[in-house]
Amino acid sequence: MALHVALNHRTTYRYDRPVQLGPHVVRLRPAPHCRTRILSYSMRVLPQEHFINWQQDPFSNHLARLVFPEKTTSLSVEVDLVASIEVINPFDFFLEPQAEHYPFEYGAALAEDLRPFLVPEPAGPLLKAFLASVPRKRARTVDWVVGLNQRLESAIDYLIRMEPGVQSCEETLALGSGSCRDSAWLLVQAMRHCGLAARFVSGYLIQLTPDVKALDGPVGAASDFTELHAWAEVYLSGAG
């Protein structure tokens, strides 16, 4: 049974004097290919005196380009959406025969399409050492991907980090800790260095209090909450 969850996200800036705002590009609308069904969406922008043009980038992400003709002392962008929360089996797919075992190579045409997601950043000494510890022997692809994710999870402690930006892979490995965006970027780079196409994704994390407490294992969230979130996606032939 699906649950319908209403989410409200408001960002407000206030200035100590009237300012002339340059054009803004806002990326706060779920991508059309996201697996979570979005039942309704709206965005409200203040000051009301503005022009908005909806665009799509090459990856089908929705972009709202805002232009403000008059000076203002504040700027507010408020998003309301209703999402359908359903149980999704992440392993409900069949890989193409040539991709069932790692390592494998993408076909020439597919590799050309995936080129932006295959090119890694140069690896520093800590990332090189981490990659050297990753097994490269023939294995079931899904098991290998899960194993790499587990290896990174055990090496990096999760923390909430309020500072802007994303840590480099070297910073995250040196500290042994990072936020979701730091771990996601590290996993993306590790995947790319291992020959798999991967990309960085951002969105929302919605966790609801369970109706029945678990008898064993994680007890779940103590109260309903929503946070900004980031994660990594890897492209596997046949799975997407």
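The values are calculated or read from the model by the stated rules, or taken from the named source; none is laboratory data. None of the values given here were measured: they were computed from a predicted structure. Neighbour counts run over all protein chains shown; Cβ positions are idealised from the backbone, glycine included. Surface areas here come from the heavy atoms of the whole protein model, side chains and all, with no ligands, DNA or RNA. Shrake-Rupley method; radii C 1.70, N 1.55, O 1.52, S 1.80 Å.
The table below lists the values:
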item	result
Any hit, region 116-134, residues being open to solvent by 40 Å² or more (accessible area, probe 1.4 Å), touching an Asp or Glu at 6+ places or on another chain (Cβ under 6 Å) and at pLDDT 95 or above	yes
Neighbours by Cβ (under 7 Å, 6+ apart or cross-chain): first from region 219-240, on the phi > 0 side of the Ramachandran plot and in contact (Cβ under 8 Å) with a residue 40 or more places away in the chain; second loosely packed, with under 11 Cβ neighbours inside 10 Å and part of a loop (DSSP other than H, G, I, E, B)	GLY238/PHE94
Leading residue by the ranking (farthest from GLN56 (Cα to Cα)) among those in region 36-45 that are exposed (fewer than 14 other Cβ atoms within 10 Å of the Cβ) and without any contact (Cβ under 8 Å) to a residue 40 or more places away in the chain	ARG44
Residues within region 145-199 that are surrounded by fewer than 17 Cβ atoms within 10 Å (Cβ to Cβ), assigned to a helix (DSSP H, G or I) and of a type in the set (A, V, I, L, M, F, W, C), tallied	4
Yes/no for GLU78 being in contact with a Cys (Cβ under 9 Å, 6 or more places away or on another chain) and touching a residue at least 40 places away in the same chain (Cβ under 8 Å)	no
Filter pass, ALA6 being among the small types (Gly, Ala, Ser), in a strand (DSSP E or B) and either out of contact with any strand residue (DSSP E or B) (no Cβ under 7 Å at 6 or more places or on another chain) or at pLDDT below 95 (or both)	yes
Contacts under 6 angstrom Cβ, first residue in region 185-212 being in contact (Cβ under 8 Å) with a residue 12 or more places away in the chain, partner open to solvent by 10 Å² or more (accessible area, probe 1.4 Å) and among the hydroxyl-bearing types (Ser, Thr, Tyr), 6 or more apart	ALA197/TYR235; TYR204/THR226; ILE206/THR226; THR209/SER223
Set HIS24, HIS4, HIS33, HIS9: member being of a type outside the set (A, V, I, L, M, F, W, C), more than 16 Å from ILE206 (Cα to Cα) and surrounded by 11 or more Cβ atoms within 10 Å (Cβ to Cβ)	HIS24
Test for LEU46: is it at pLDDT 95 or above, in contact with a Pro (Cβ under 7 Å, 6 or more places away or on another chain), closer than 20 Å to HIS9 by Cβ and among the aliphatic types (A, V, I, L, M)	no
Residue match in region 64-85 (condition: open to solvent by 70 Å² or more (accessible area, probe 1.4 Å), closer than 28 Å to ALA232 by Cβ, assigned to a loop (DSSP other than H, G, I, E, B) and not small (Gly, Ala, Ser))	no
Residues (open to solvent by 100 Å² or more (accessible area, probe 1.4 Å) and either in contact with a helix residue (DSSP H, G or I) (Cβ under 6 Å, 6 or more places away or on another chain) or in a strand (DSSP E or B) (or both)) located in region 204-228	LEU228
One residue from PHE91, PHE104 being open to solvent by 80 Å² or more (accessible area, probe 1.4 Å), within 20 Å of ARG199 (Cβ to Cβ) and in contact with a helix residue (DSSP H, G or I) (Cβ under 8 Å, 6 or more places away or on another chain)	PHE91
Subset of region 86-110 [part of a helix (DSSP H, G or I) and without any contact (Cβ under 8 Å) to a residue 40 or more places away in the chain]	PRO97, ALA108, ALA109
